[in-house]
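Scroll down for the structure; my scribbles are underneath it.
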Amino acid sequence: PPVLRMSSKTKLLFLTESFNIGGQEKALISLLRNIDLHKYDITVCVIAETGGLLPEALAIPGIKYQFVIPSAKGKAGKLVNLLKGKLIYSWLSAKWVYRLFIPHGFDVEIAYCEGFLTKLISESTSQDTKKIAWVHTDMLDNDWPLETGIFQSFDAEKKAYGKFENIICVSDIVASGMRAKYGTDNVSTIYNIIDRNDILLKSGHTPNFSQPNQTGYRLVGLGRLSYVKGFDILLDAISIAVNDYGLDIRLTIVGDGQERAALEAKARRNNITERVVFAGAQPNPYPYLKEADLFVCPSRKEGFNIAILEAMVLGLPVVAVKSAGPSEIIGTNEYGVLTEGTPESLAEGIRYILSDGTMDKYRMCSQQRANDFSIESQINKIDLLFHEI
């Protein structure tokens, strides 16, 4: 009879909370789409079966999914999910959540975001399983898991990171911050994967949100509508650029979140409502980027910011507020324009890049910089990481 051989593939578990529309989720989808399934047997454990990017994730062939809180069916299903959510996020310790709800039996367990996922995987009980923490935030500057109470103390957070064999950061600045803050040396950088071909393909689609006819310069911002993303700074900067500099500007903001009503109110107070379109969250934002003249990232804090590179793939000049990720991508204004986090500084950056000759220069710089973040280089780093396991 034929000899049955055990699979030589490395069994990977990726743990994520959802597939909401965001940079981290896009990066995971690009990784799953491009990783070599001849080498890896991959399961993605998702806490909640939800999110605008979920259909795209489920369409990736060869990837297995497990949902801790599946989509609810009927009132009974919703009640069960409500209770399970309370158990996971409020009532049970991380140790018991891991034991009861997270699948076991993998060679590698990956917490694909800092915070709650890191806390869960740090409770892994398997002696033979290697643990990897994937960090998307500059924790030295923005320790949101501690600020929001996911960890009760800095010592508890540091202890959790001490249980991981590898800590992967999405930029060198984030990695440097992890070393400085937690005193750990098992830190390395793997940039978020930018799927150039997918971006170019999807940019040719028709936008889901019909925009009014626009004249003048077309600016676009992309991201969650939250305080840290700084869209309030951008709206003030647009007012300055229009009223003080006389620029004819139209801005489209692609994204949604808890700050939307406040931002719409600010646009009204600034008398720029006719110049600003809130397009909402879009699974495919690339048609909006393709139609624009300039991409603006006003975030107060960013560990990487995948949207900047998506814009660069499409040849958009970039203006961004200085923080870890944008600074690493743009450099000292080689590949775009960095500004301070004030409306005046951001408005001046917008005016500069829209001046004669400057836009064409930075279009070329954007495309050049996007080429430095190829899929191949990052997948090779991932292969080396798992090869060492």
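The values are calculated or read from the model by the stated rules, or taken from the named source; none is laboratory data. Everything quoted here is computed from the prediction, not taken from an experiment. Note that we place each Cβ from the backbone using ideal geometry, even for glycine, and neighbour counts take in every protein chain shown. What goes into the accessible areas is simple: the full protein's heavy atoms, side chains included, and nothing from ligands, DNA or RNA. Shrake-Rupley method; radii C 1.70, N 1.55, O 1.52, S 1.80 Å.
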Quiz prompt | Search result, residues across the stretch 74-100 that are open to solvent by less than 50 Å² (accessible area, probe 1.4 Å) and under 22 Å from W134 (Cα atoms) | solution = I88, A94, V97, Y98
Self-check item: Within the stretch 21-40, considering residues that are open to solvent by 40 Å² or more (accessible area, probe 1.4 Å) and of a type outside the set (S, T, N, Q), the one nearest to D107 (Cα to Cα)
Solution: K39
Quiz item: Is it the case that the stretch 232-239 has a residue that's more than 27 Å from P343 (Cβ to Cβ), at pLDDT 95 or above, open to solvent by 10 Å² or more (accessible area, probe 1.4 Å) and in contact with a helix residue (DSSP H, G or I) (Cβ under 9 Å, 6 or more places away or on another chain)?
Solution: no
Practice problem: For the stretch 76-104, enumerate the residues that are in contact with a strand residue (DSSP E or B) (Cβ under 7 Å, 6 or more places away or on another chain) and not aliphatic (A, V, I, L, M). | Solution: N81, K84, G85, F101, P103
Quiz item: Taking the stated definitions as given, is R369 among the basic types (K, R), touching a helix residue (DSSP H, G or I) at 6+ places or on another chain (Cβ under 8 Å), in a helix (DSSP H, G or I) and modelled with pLDDT of 90 or more?
Solution: yes
Quiz item: Can you name every residue in the stretch 218-246 that is more than 17 Å from the chain's Cα centre (by Cα), in a loop (DSSP other than H, G, I, E, B) and not small (G, A, S)?
Solution: D244, Y245
Quiz item: Of all residues in the stretch 241-255, how many are buried (at least 19 other Cβ atoms within 10 Å of the Cβ) and in contact (Cβ under 8 Å) with a residue 60 or more places away in the chain?
Solution: 3
Quiz item: Which of the helices (runs of 4 or more DSSP H) contained wholly in the stretch 131-203 include at least 1 residues that are under 26 Å from I329 (Cα atoms) and open to solvent by 20 Å² or more (accessible area, probe 1.4 Å)?
Solution: 144-147, 172-182, 196-202
Quiz item: Could you say whether any residue in the stretch 336-352 is assigned to a loop (DSSP other than H, G, I, E, B), open to solvent by less than 20 Å² (accessible area, probe 1.4 Å) and over 28 Å from I42 (Cα atoms)?
Solution: yes
Quiz item: Only one residue in V319, V337 is among the β-branched types (V, I, T) and either within 22 Å of G22 (Cβ to Cβ) or modelled with pLDDT under 95 (or both). Which one?
Solution: V319
